[in-house]
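Asks: What follows is a structure written as structure tokens; I'll ask about it next.
The values are calculated or read from the model by the stated rules, or taken from the named source; none is laboratory data. Given the structure is predicted, the values throughout are model-derived calculations rather than measurements. Here the Cβ positions follow ideal geometry from the backbone for every residue, glycine too, while neighbour counts run over all protein chains shown. These area figures cover heavy atoms from the full protein model, side chains too; ligands, DNA and RNA do not enter into them. Shrake-Rupley method; radii C 1.70, N 1.55, O 1.52, S 1.80 Å.
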There are 2 protein chains.
Amino acid sequence: MQVQIEDAFWNAQIKKVQTQMLPFQWQVLNDEVAEAPKSGAINNFKIAAGKQKGEFYGMVFQDTDVYKWLEAVAYSLAIQPDPALEALADETIDLIGAAQMSDGYLNTYFQIFKPALKWTNLTDNHELYCFGHLIEAGVAYYEVTKKQPILTIITKAADLLTARFGYGQPLAFPGHPEIELALLRLYHLTKKAAYLELAKYFILERGQQPSFFVTETKERIANHVPSWIDIMHDGFVVPEFTHSEDVSYYVATKRLIDQTVVEGHAVRACYLYTALADLAALENDPTLKNAAMRLFDNATTKQMYLTGGLGQTWRNEGFTHDYDLPNDTNYCETCAGISLIFWARKMLALHSDSHYAEVIERALYNNTLGAMALDGKSFYYSNVLEKGPHHLTDAARPKWHACACCPPNLARLLLSLNHYLAHVENEIFYLDQFIGANYIEMFTEDAEITVQANLPFEGQVEIQVKQAPENKQLAIRLPKWSARFSVFKNGQRQREGLDFTINQGYLIFHEAMQTGDHWVCTFELTARLTYANPLVKADIGKAALTRGPLVYCLEEEDNGPHLWQLTWSAEEFEVVKEETTNKLADMVLLKSLALREVALDQDLYTYHQPTTQTQVVTAIPFFARYNRSVGEMQVWTRYR
Amino acid sequence: MQVQIEDAFWNAQIKKVQTQMLPFQWQVLNDEVAEAPKSGAINNFKIAAGKQKGEFYGMVFQDTDVYKWLEAVAYSLAIQPDPALEALADETIDLIGAAQMSDGYLNTYFQIFKPALKWTNLTDNHELYCFGHLIEAGVAYYEVTKKQPILTIITKAADLLTARFGYGQPLAFPGHPEIELALLRLYHLTKKAAYLELAKYFILERGQQPSFFVTETKERIANHVPSWIDIMHDGFVVPEFTHSEDVSYYVATKRLIDQTVVEGHAVRACYLYTALADLAALENDPTLKNAAMRLFDNATTKQMYLTGGLGQTWRNEGFTHDYDLPNDTNYCETCAGISLIFWARKMLALHSDSHYAEVIERALYNNTLGAMALDGKSFYYSNVLEKGPHHLTDAARPKWHACACCPPNLARLLLSLNHYLAHVENEIFYLDQFIGANYIEMFTEDAEITVQANLPFEGQVEIQVKQAPENKQLAIRLPKWSARFSVFKNGQRQREGLDFTINQGYLIFHEAMQTGDHWVCTFELTARLTYANPLVKADIGKAALTRGPLVYCLEEEDNGPHLWQLTWSAEEFEVVKEETTNKLADMVLLKSLALREVALDQDLYTYHQPTTQTQVVTAIPFFARYNRSVGEMQVWTRYR
């Protein structure tokens, strides 16, 4: 199935990535941006390739910034050919190939800086993580261009890994998962069994006790082998987890098939669970499928923010406890939200339940989209839902990050967004996202369907079958945010039971699609208060304003300071469309009456209940926050 | 004025300290308690005195544990002679004297362990802090026993300091204040001007820019001189504050007379501000008095917890911002609450305003008293107002602490509580606290007044003039927690304007006291909801239940888990007196109807507003929390 996005809202986002982020990122990788932290990434490859003298610079995973750029470039070329960009990518691939060692090894940190430390510390040193991103980028680039050099590089790299790791070798797992899903991508492309086997090993054997991570680290410490962090800080630290033997950070307290609750660093966990879901589909294994479903259910119905953000604390950059969802001390890393989208897409391939598509929509429109400024020039690492008056120094989006995982991850997601809009299962075409697009080659080569939509601010969706595949049905997700909906097919109102059945959150139309069929769906987009389960301490007595897939927030800019003093006083919200001259051009803002508590006296503590004043409050989409000024912001507001 | 406490409630607390804490503390100091962290404190003195071989053990301020014990013993002997205890104290004083160097220097850490580092690091090394506690203990012991050896020790020590520091010497200030108030105590005793002069120097010259603390630390780092923390951790760290030059932690961003907002480590700040208030009274200087009043006002009307706790965060163990009062991540160190009581007492001596007495009462009955378990055998360091379900590992009181500042501080406060109950100013005897006591020697040697009270659970107070001082008036604090009150004198109801005037929160009776006068005051003790100023984000929409001076809390033990789901539904509370067989023997508990929010469905997020169920909730005094079981606890509960 080929999908081309044709959507006013999303084409604009994609254009930002193509015109702003990709060129900017290339400049950063080449140390041409004065105001960004030094990268050194391209230079590292030049040194490793022997084309230049110098010293390694950056993190142990600095190479992945280049790989993620390359992967994003591949998706960009798929959207729109660009010979100059493709030439730049080919040059970069030549450089990567020149840096690769004859045995397939590739990691400029170890090649240039610490050759003796290769493979000494899988727990911390991110080597397999880097190979993973290399392979992902390579698969993407090969799929678009069919050019051989990158395929040679990545298969050589993967062959090194399959010779060194896996069943029959000493126990070994990566501290930061990523190689698992990359090997599966390479297997999907090449069908080479060894890649599948190694991915299975990493996915299924992880979590054995005693833990590989504890054992490796204890041995390393005994032999005085430093980690990359030790080297960076010029000190030698025995990690705390070796004492407690708590390997939850590494998502390794149990085998994945025995895990019932998600754990650890959110990005690591979701990359691993994404691979688990993919493997479950590949193997058609009910045990794996159940494990993936159970974990996805825990993550998204017990530990996910309303915005689709994951990671309740910066301590482990990850999961904590069910229903523990603080709004201002949380992490909600951009990469974690993106990894949830990766995972949800693999779940959809495993099981056609609209919950997975809804999670994609929630995470996409809120946590992910909002990580980027409206001008596409600055980015959040962490996406909290509330900022109080004393925590505003990091409220605005920074231009770039020393640990630059998030912006490139955003680039590769948005440029490959066409992969997340629909899926087919058996004889059914499932429309998962209401994003305008042209679909071809599903089921048969000549099939073609177009979707027109105006989300996130308008709820009408039209689907036109330009060329019907033979004897296939259409399924349209029924979005939970729509209190009422109507569907017309070829001018006829469609009725549940007669014309369609609702199954797992999809309207499944009984009749096979015919060329010329034309559906018009109208989903009611009303402002609605959303409540959290009362088990969530942080949201008790509060409601968030939502409209369609969008979560709204209050900013000090519109509503004055001390936002916590406000309570929603009604469920009726006036819809206001912003002028196009405004920074929030064409967005739907919401206005409502609220009450504000005010003191009767100056006392810090008093026996007098505060009184209230009426105030009009303006809510804006969460993704558009902090594009005008820096001040307080909150998603959850008290109600009465 | 001599004061003997005769009060059922407080005599019981004092007895716990005398019978439990003091002997236990002595055992700890001598390393005789297996379950307490090793102390080494007495042993350090034996080694320094040459009576024993061995190595120093403990913190750089380990000596102060002995001094605080000695100070508490002095107060205990004043309450009740105990020849065996006094003999033990005399032996300890002999040991301290034997350890003291001929020039007066005394600090076993430096004498035994690091002689070369003496006076190299006033910023971190607590040398002057230790001298301060030595002097405080010495003054207290001398005042009770009039024995010369301790006076010789402390004046020798103080004379060393006055020769080394002060006006005309290089700039030098202690990182942890304490010596200032100690020197003033010694001045009150000896009237030696040099002690007052040095105290003035430390109080008035601190805060000069460039900061002594930055300069000293930069020089020390340049000369590779380690701090005691560096030595303990076997590493060498350049402190962050030398880069930022932010010396707020040391209460040194400005001179005290220019400070308008309290800052830094709460105990350090309050010790220093206590000395400032004392100096202001001594010098009768309006600038100093205004500074002390301004800072006390900021601390207690912008940054104090309802419990009288100070210190909003563990990061600096101290102050943050006005109205920033989180209930679960705060510090509220026991010593900080105690230091606030020290400070408030000096403020009362400076200015007869009942606000100061109320702060003493609030901090005493809640933050301070609750730091000790009901059996007097375990102690909090930090006194938070709320514990959620995932933060219960440190909810119970530990038996002792490696950094054992808090329990001995509590001991010396409770054993000297008789110093905090009343004060005289000009021709008026001000009754500040409603604690049963016998007062003699105010104004004249034969004067005697007795006070009977049954607080904190009953509100009747009787005052009897056994022997009137000539031509002196009585002032009784009118407690703000009393919605209604009545006063009878010799059977006659007293009326405002006719019989008394209310001034600065005191009922000031017009007629001079006569022998045989008898007042009966009835203060209404009703359960009342207390509200925080709406500028306090953490308490918005919440109310705390209070009754008289006591703050109440909810515990999971009585009310089930998920306390945040509860809302007070009424302002009427049933008063229930507990059976004497119960752990909360004789306490007044409060019961009320509340609503609990419950989910309509299992969803994490829903458009359906949660429904409510009615539940009877039981509130117990905050000081009595965590004496039965470990679970959730909260002071502030939502109201509607």
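Asks: Check A:CYS553 against each of (1) buried (at least 23 other Cβ atoms within 10 Å of the Cβ); (2) farther than 30 Å from B:ARG638 by Cβ and name the one condition it does not meet.
Replies: Among (1) buried (at least 23 other Cβ atoms within 10 Å of the Cβ); (2) farther than 30 Å from B:ARG638 by Cβ, the lone unmet condition for A:CYS553 is (2).
Condition check ((1) in the same structural domain as B:PRO549 (by TED's automatic domain parsing); (2) closer than 22 Å to B:ASP353 by Cβ; (3) at pLDDT 95 or above; (4) not charged (D, E, K, R)) across all residues:
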{"position": "B:GLU445", "(1), (2), (3), (4)": "no, no, no, no"}
{"position": "B:ILE449", "(1), (2), (3), (4)": "no, yes, yes, yes"}
{"position": "B:GLU458", "(1), (2), (3), (4)": "no, no, no, no"}
{"position": "B:VAL461", "(1), (2), (3), (4)": "no, yes, yes, yes"}
{"position": "B:GLN473", "(1), (2), (3), (4)": "no, yes, yes, yes"}
{"position": "B:ARG477", "(1), (2), (3), (4)": "no, yes, yes, no"}
{"position": "B:TRP481", "(1), (2), (3), (4)": "no, yes, yes, yes"}
{"position": "B:LYS489", "(1), (2), (3), (4)": "no, no, yes, no"}
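Asks: Let me ask another. Of the conditions (1) more than 14 Å from chain A (Cβ to nearest Cβ); (2) in contact with a Gly (Cβ under 8 Å, 6 or more places away or on another chain), B:PRO561 satisfies every one except a single condition; which number is it?
Replies: Status for B:PRO561: all satisfied but (1).
Asks: Here is a further query. So which pairs qualify, if the first residue must be in segment A:478-491 and more than 19 Å from A:GLN464 (Cβ to Cβ), the second must be open to solvent by less than 60 Å² (accessible area, probe 1.4 Å) and among the charged types (D, E, K, R), the Cβ gap must be under 6 Å, and the two must be at least 6 apart or on different chains?
Replies: A:SER482/A:GLU524; A:ALA483/A:GLU524; A:ARG484/A:GLU524
Asks: For a quick check of your reading of the model, give me the residue pairs whose first member lies in segment A:70-92 and is free of Cβ contacts under 8 Å to residues at least 24 places away in the same chain, whose second is surrounded by 15 or more Cβ atoms within 10 Å (Cβ to Cβ), with beta-carbon atoms closer than 8 Å and at least 6 apart or on different chains.
Replies: A:ASP82/A:SER76
Asks: To continue, here is another question. Give me a count of the residues in segment B:618-631 that are surrounded by fewer than 21 Cβ atoms within 10 Å (Cβ to Cβ) and of a type outside the set (A, V, I, L, M).
Replies: The number of residues fulfilling the criteria is 5.
Asks: Here's another thing I want to ask about it. In this structure, is B:PHE429 over 17 Å from the mean Cα position of the chain (by Cα), under 30 Å from B:ILE476 (Cβ atoms), of a type outside the set (Ser, Thr, Tyr) and outside any strand (DSSP E or B)? It would help to see each step written out before you state the result.
Replies: On the way: over 17 Å from the mean Cα position of the chain (by Cα): yes; under 30 Å from B:ILE476 (Cβ atoms): yes; of a type outside the set (Ser, Thr, Tyr): yes; outside any strand (DSSP E or B): no.
Criteria not met by B:PHE429.
Asks: When you go through B:LEU525, B:LEU529, B:LEU545 one by one, which is the residue that is assigned to a strand (DSSP E or B), within 14 Å of chain A (Cβ to nearest Cβ) and touching an Asp or Glu at 6+ places or on another chain (Cβ under 7 Å)?
Replies: B:LEU529
Asks: Follow-up question, since we're still on this one. I need the full set of residues from segment B:1-49 which are open to solvent by less than 70 Å² (accessible area, probe 1.4 Å), of a type in the set (Asp, Glu) and at pLDDT below 95, in order please.
Replies: B:ASP31
Asks: Whether any residue in segment B:178-185 is farther than 21 Å from B:LYS118 by Cα, without any contact (Cβ under 8 Å) to a residue 60 or more places away in the chain and either in contact with a Gly (Cβ under 8 Å, 6 or more places away or on another chain) or β-branched (Val, Ile, Thr) (or both) is what I want to check. So that I can check it myself, show each step before the final result.
Replies: Of segment B:178-185, the ones farther than 21 Å from B:LYS118 by Cα are B:181, B:184-185.
Add one more test, that the residue is without any contact (Cβ under 8 Å) to a residue 60 or more places away in the chain, and what stays is B:185.
Pick out the ones that are also either in contact with a Gly (Cβ under 8 Å, 6 or more places away or on another chain) or β-branched (Val, Ile, Thr) (or both) and you get none.
Taking every residue of segment B:178-185 in turn, none turns out to be farther than 21 Å from B:LYS118 by Cα, without any contact (Cβ under 8 Å) to a residue 60 or more places away in the chain and either in contact with a Gly (Cβ under 8 Å, 6 or more places away or on another chain) or β-branched (Val, Ile, Thr) (or both).
Asks: Further question on the same structure: Can you name the residue in segment A:379-422 that is surrounded by 18 or more Cβ atoms within 10 Å (Cβ to Cβ) and within 14 Å of another protein chain (Cβ to nearest Cβ) and, of all such residues, is farthest from the chain's Cα centre (by Cα)?
Replies: Across segment A:379-422, the extreme among qualifying residues is A:GLY388.
Asks: Among the residues that make up segment A:266-276, is at least one of them closer than 30 Å to A:ILE360 by Cα, outside any loop (DSSP other than H, G, I, E, B) and open to solvent by 10 Å² or more (accessible area, probe 1.4 Å)?
Replies: Our first condition is that a residue be closer than 30 Å to A:ILE360 by Cα; within segment A:266-276, this holds for A:266-276.
Next, from what is left, pick out any that are outside any loop (DSSP other than H, G, I, E, B): A:266-276.
Now drop any that are not open to solvent by 10 Å² or more (accessible area, probe 1.4 Å), which leaves A:268.
Looking through segment A:266-276, at least one residue is closer than 30 Å to A:ILE360 by Cα, outside any loop (DSSP other than H, G, I, E, B) and open to solvent by 10 Å² or more (accessible area, probe 1.4 Å).
Asks: Sticking with this structure for a sec: For segment A:478-518, enumerate the residues that are charged (D, E, K, R) and over 29 Å from the mean Cα position of the chain (by Cα).
Replies: Our first condition is that a residue be charged (D, E, K, R); within segment A:478-518, this holds for A:480, A:484, A:489, A:493, A:495-496, A:499, A:511, A:517.
Listed by number, the residues that qualify are A:ARG484, A:LYS489, A:ARG493, A:ARG495, A:GLU496, A:ASP499, A:GLU511, A:ASP517.
Asks: Here is a follow-up. Quick one: would you say A:LYS302 is more than 17 Å from the chain's Cα centre (by Cα) and away from chain B (no Cβ under 13 Å)? Show your work before the answer.
Replies: On the way: more than 17 Å from the chain's Cα centre (by Cα): yes; away from chain B (no Cβ under 13 Å): no.
No: the conditions fail for A:LYS302.
Asks: Going through segment A:77-104 one residue at a time, which ones are buried (at least 19 other Cβ atoms within 10 Å of the Cβ) and under 16 Å from A:GLY50 (Cβ atoms)?
Replies: Correct list: A:ILE96, A:ALA99, A:GLN100.
Asks: Restricting the search to segment B:50-65, which residues are open to solvent by less than 40 Å² (accessible area, probe 1.4 Å) and on the phi > 0 side of the Ramachandran plot?
Replies: The answer is B:GLY58, and nothing else.
Asks: Please work out which one of (1) within 20 Å of A:LYS68 (Cβ to Cβ); (2) under 16 Å from the mean Cα position of the chain (by Cα); (3) in contact (Cβ under 8 Å) with a residue 60 or more places away in the chain is the condition A:GLY376 fails and give its number.
Replies: (2)
Asks: What number goes with the only condition from (1) out of contact with any Phe, Trp or Tyr (no Cβ under 7 Å at 6 or more places or on another chain); (2) of a type outside the set (A, V, I, L, M, F, W, C); (3) within 14 Å of chain B (Cβ to nearest Cβ) that A:HIS518 does not pass?
Replies: The one condition A:HIS518 does not meet is (3).
Asks: B:GLU197 versus (1) outside any loop (DSSP other than H, G, I, E, B); (2) farther than 30 Å from B:LYS146 by Cβ: which is the lone unmet condition?
Replies: (2)
Asks: A further question follows. Would you be able to say whether some residue in segment A:216-225 is at pLDDT below 95, open to solvent by less than 70 Å² (accessible area, probe 1.4 Å) and closer than 30 Å to A:VAL73 by Cα?
Replies: no
Asks: Check every one of the strands (runs of 3 or more DSSP E) wholly within segment B:460-520 and list those with 2 or more residues that are open to solvent by 50 Å² or more (accessible area, probe 1.4 Å) and within 27 Å of B:GLN2 (Cβ to Cβ).
Replies: Numbers: elements: B:460-467, B:473-477, B:485-489, B:500-503, B:506-509.
Strands (runs of 3 or more DSSP E) meeting the threshold: B:460-467.
Asks: Here is a list: A:ALA252, A:ALA280, A:ALA344, A:ALA292. Which entry is open to solvent by less than 30 Å² (accessible area, probe 1.4 Å), part of a loop (DSSP other than H, G, I, E, B), at pLDDT 95 or above and more than 14 Å from chain B (Cβ to nearest Cβ)?
Replies: A:ALA252
Asks: Give just the number: which of (1) under 30 Å from B:SER569 (Cα atoms); (2) aliphatic (A, V, I, L, M); (3) touching an Asp or Glu at 6+ places or on another chain (Cβ under 8 Å) does B:LEU550 not satisfy?
Replies: Condition not satisfied by B:LEU550: (3).
Asks: With B:GLN602, B:GLN634, B:GLN615 as the choices, which residue is open to solvent by 30 Å² or more (accessible area, probe 1.4 Å) and within 11 Å of another protein chain (Cβ to nearest Cβ)?
Replies: One residue alone meets the criteria, B:GLN602.
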